[in-house]
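Trainee: First the structure, then my questions, so here it is.
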Amino acid sequence: MTTAPAQQTPLRVALLGGGVVGGSVARLLTSQADDLAQRIGRPLEIVGVAVRREGRDRSDLGLDPSVFTTDAEDLVTRADIVVEVIGGIEPARSLILRAMEHGASVVTANKALLAEDGPTLYEAAAEHGVDLYYEAAVAGAIPILRPIRDSLAGDSIRRVTGIVNGTTNFVLDAMDTTGAGFAETVERAQALGYAEADPTADVEGFDAAAKAAILSSLAFHSRVSSADVHREGITEVSARDIAAAQEMDCTVKLLAICERVVGADGREGISARVHPALIPLSHPLASVRGAYNAVFVEAEGAGDLMFYGQGAGGDPTASAVLGDLVAVARARVTGGRGPGESAYADLPVLPMGQAITRYHVSLDVADRSGVLASVATVFANHDVSIETVRQQVVTDDDGGSRAMLIIVTHAATDAALSATVNELAELDTVNEVTSVMRVEGN
Ligand SMILES: NC(=O)C1=CN([C@@H]2O[C@H](COP(=O)(O)OP(=O)(O)OC[C@H]3O[C@@H](n4cnc5c(N)ncnc54)[C@H](O)[C@@H]3O)[C@@H](O)[C@H]2O)C=CC1
Ligand SMILES: N[C@@H](CC=O)C(=O)O
Ligand code: NA
């Protein structure tokens, strides 16, 4: 006679962190205990929750108060599976390494750590024969890492373009639709549990850059760290940029772009970058509103794929954590291991100057003859081909007139565009280069 899953010896789970994500993980683990035991074949038992301070009322988590501890170092030695949701580099890294040394598999949502030092974690997992899963680290609830790593393992990915930060999408969407202010919208994102402990990580693009590094590593079987990713946040995006996007039937999104490209030396490499960009309203990513995330994958065989859903918040993120937890637990039950790091392609990450895209450039120029020709000459000097030019005449308060030139280019390298903009700024016919935005998604 076989023993029912609930009667088997439980797998011991240690939870590090009882914040937004940790709280949701604890609640869902408790409320779905019976179903999880059936799916895994053995029950899970929370043997401890590491918190920074004991004594706080955590009755809403549905756990016995005795499980809370401030001694995370001891806790990780008493578990089969450690779930790390404290975030940051240290002590998260040391705790994960210690857990692995003691034979525990690890599930983490910590993109900052994975993007900074993923290979150390992978190597430790391989050395100790344990698993490392981190689906929640990119785009929260959206299954994207396992689809890239497993479902698309037989394909060749060309490009991954993602809206992978809920906070910044929430802010840009509010600016676009209601004209809401920047600071007040960031505060709302914090209150809703989307923002990182320090929201600078969101608005300055660090969080998205970490996710771009993880996506690039997995999609291109190479090692890419957050330091390799070109990063610009959304703090410079102005109401004028949003209006310019609307005039072009575009919207402004903070995009993480990971591409396989041919570099200046003719060799294949990776372009990994995070920056605000215009995308046409007809592009699937343009319809991603509020704190939602989406990842658009272009692959040789599969063609275009779009993964969409909630990229932030306690329960959505906990859903991905629990999915990983079940995968790790099943491997424990069957005695197997999930896949380890795949970095065999070892592609170099190319400098931002070699990234190729289109640009939207707005210039405040003198309203007189010859200006357009002088501006066009500068673009030609740097081999940047112009796709469209639009001119708007603006009448000043004193009755004088100026013109705005709005230029959209064909694809050019970032280096050529930067040199063009620098030379334009020197022209005596150009009063100001008022905005330069990249244009993605044809
Ligand atoms: N909140 C979200 O929407 C998402 C968060 N993540 C990631 O999940 C992780 C956790 O994020 P949140 O839950 O939002 O953060 P949080 O700040 O709400 O929770 C972290 C908790 O860890 C505790 N903590 C910090 N150091 C500790 C230590 N040494 N020992 C014990 N506890 C400690 C803190 O007191 C806090 O309660 C981070 O890596 C974050 O990047 C990933 C996807 C989405
Ligand atoms: N702060 C992040 C949370 C998820 O990773 C975001 O806003 O997307
Ligand atoms: Na995910």
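Trainee: Taking only Cα atoms, what is the 0 to 90° angle, nearest 10, from helix 414-426's long axis to the longest principal axis of the chain?
Mentor: Once rounded, one gets 40 degrees.
Trainee: So, one more: Which value, in debye to the nearest 20, gives the size of the charge dipole of the chain about its Cα centre, when Lys and Arg are +1 and Asp and Glu are -1 at the Cβ?
Mentor: 1300
Trainee: While we're looking at this one, here's another question. Rounded to the nearest 20 Debye, what is the dipole magnitude of the stretch 147-307 about its Cα centre when Lys and Arg each give +1 and Asp and Glu each give -1 at the C-beta?
Mentor: Values: 13 positive and 23 negative charges, 64 e Å.
Dipole size: approximately 300 debye.
Trainee: Still on this model: Roughly how much of D396 is accessible, in Å² to the nearest 10, using a 1.4 Å probe?
Mentor: Counting only protein heavy atoms, D396 exposes about 50 Å² to solvent.
Trainee: Turning to a different aspect of this structure: About the Cα centre of the stretch 355-439, how large is the charge dipole given +1 on each Lys and Arg Cβ and -1 on each Asp and Glu Cβ? Please answer in debye to the nearest 20.
Mentor: 360
Trainee: By how many degrees, 0 to 90 and rounded to 10, does the Cα axis of helix 20-31 deviate from the longest principal axis of the chain?
Mentor: 40
Trainee: Please list the non-local residues whose amide H lies under 5 Å from the amide H of V439, H modeled 1.01 Å from N, same-chain partners needing a gap of 5 or more.
Mentor: Distant-sequence amide H within range of V439: L278, R358, Y359, H360.
Trainee: Follow-up question, since we're still on this one. Please tell me the relative contact order of the chain in percent, rounded to the nearest whole number, where contacts are Cα pairs under 8 Å and at least six residues apart. Before the final figure, lay out each step's value.
Mentor: Details: 975 pairs, mean separation 69.2, N = 442.
So the answer I get is 16 percent.
Trainee: Between A312 and residues 5 or more places away or on another chain, which pairs have amide H atoms under 5 Å apart, with H built 1.01 Å from N, and which residues are they?
Mentor: For A312, the qualifying residues are A141.
Trainee: Using the heavy atoms of the protein chains and a 1.4 angstrom probe, tell me the accessible area per residue for the stretch 355-439 in square angstrom.
Mentor: Here the per-residue accessible area is 47 Å².
Trainee: Compute the accessible area per residue over the stretch 200-308, keeping the other protein chains in place, probe 1.4 Å, unit Å². If you can, show how the numbers build up before the last one.
Mentor: Values: 4040 Å² over 109 residues.
Using a 1.4 Å probe on heavy atoms only, each residue of the stretch 200-308 averages 37 Å².
Trainee: So if each residue of separation counts as 0.36 nm, and I subtract the Cα-Cα distance between A373 and Q354, what length gain in nm does that give? Please report the intermediate quantities before stating the final value.
Mentor: Values: separation 19, 0.36 × 19 = 6.84 nm, distance 2.73 nm.
Taking 0.36 nm per residue and subtracting the Cα distance, the gain is 4.1 nm.
Trainee: In addition: Keeping all protein chains in position, work out how much accessible area T77 exposes to a 1.4 Å probe, and write it in Å² to the nearest 10.
Mentor: Spelled out: T77, probe radius 1.4 Å, area about 40 Å².
Trainee: How long is the gain from Q38 to H102 if the chain were fully straight, where each residue apart is worth 0.36 nm and the alpha carbon distance is subtracted?
Mentor: Between Q38 and H102, full extension yields an extra 20.4 nm.
Trainee: Could you check how much of the accessible area of the stretch 301-433 is carbon and sulfur, as a whole percent, using a 1.4 Å probe?
Mentor: Roughly 49 percent of what the probe reaches on the stretch 301-433 is carbon or sulfur.
Trainee: A further question follows. Please give, to one decimal in nm, the separation of the simple spin-label points placed at D57 and R188, each 7 Å out from Cα toward the Cβ.
Mentor: 3.0
Trainee: Can you tell me how the chain classifies by the Cα gyration tensor, rounded, prolate or oblate, using a/c under 1.5 as the rounded cut? Write down the numbers at each step before the final one.
Mentor: Working: a/c = 2.78, a/b = 2.02, b/c = 1.38.
Because a/c hits 1.5 or more and a/b exceeds b/c, the chain counts as prolate.
Trainee: Quick check: Cα centre of the stretch 300-336 to Cα centre of the stretch 384-428, how many Å?
Mentor: Their Cα centres are 45 Å away from one another.
Trainee: The stretch 175-268: which trypsin sites (Lys or Arg not before Pro) are DSSP loop and have at most 11 other beta-carbon atoms within 10 angstrom?
Mentor: Counting only loop positions with at most 11 other Cβ atoms within 10 Å, the trypsin sites (Lys or Arg not before Pro) in the stretch 175-268 are R267.
Trainee: Turning to a different aspect of this structure: For the stretch 300-428, what percent of Cα pairs sit more than 22 Å apart?
Mentor: 64
Trainee: Can you find, among V229, A243, L254, the residue sitting farthest towards the positive end of the charge dipole of the stretch 209-273, where Lys and Arg contribute +1 and Asp and Glu -1 at Cβ?
Mentor: V229
Trainee: When only the heavy atoms of the protein chains count and the probe is 1.4 Å, how do I279, I386 rank by accessible area, highest first? Working shown, then result.
Mentor: Working: I279 0, I386 55 Å².
The ordering from most to least exposed comes out as I386, I279.
Trainee: Continuing with this model, one more query. Compute the length gained on full extension between V389 and T70: take 0.36 nm times their separation in residues and subtract their Cα-Cα distance, giving the result in nm to one decimal.
Mentor: 108.6 nm
Trainee: Turning to a different aspect of this structure: Assuming a ≥ b ≥ c are the square roots of the Cα gyration tensor eigenvalues, decide whether the stretch 33-128 counts as rounded (a/c under 1.5), prolate (otherwise, with a/b larger than b/c) or oblate.
Mentor: Because a/c hits 1.5 or more and a/b fails to exceed b/c, the stretch 33-128 counts as oblate.
Trainee: If I407, I86 are ordered by their accessible area, calculated over protein heavy atoms with a 1.4 Å probe, which sequence runs from highest to lowest?
Mentor: Largest accessible area first, the list is I86, I407.
Trainee: With every protein chain kept in the model, how would you rank F220, F307 by accessible area, 1.4 Å probe, largest at the top? If you can, show how the numbers build up before the last one.
Mentor: Numbers: F220 0, F307 40 Å².
Descending order: F307, F220.
Trainee: Here is a follow-up. Just to verify a number: what accessible area does D173 come out at with the full protein assembly present, 1.4 Å probe, Å² rounded to tens?
Mentor: Rounded to the nearest 10, the figure is 20 Å².
The values are calculated or read from the model by the stated rules, or taken from the named source; none is laboratory data. Values in this document were obtained by computation on a predicted structure and should not be read as measured data. Because the Cβ atoms are built from the backbone with ideal geometry, glycine has one as well, and the counts that use them run over all protein chains shown. To get the accessible areas, we keep the full protein, side chains included, count just its heavy atoms, and leave off ligands, DNA and RNA. Shrake-Rupley method; radii C 1.70, N 1.55, O 1.52, S 1.80 Å.
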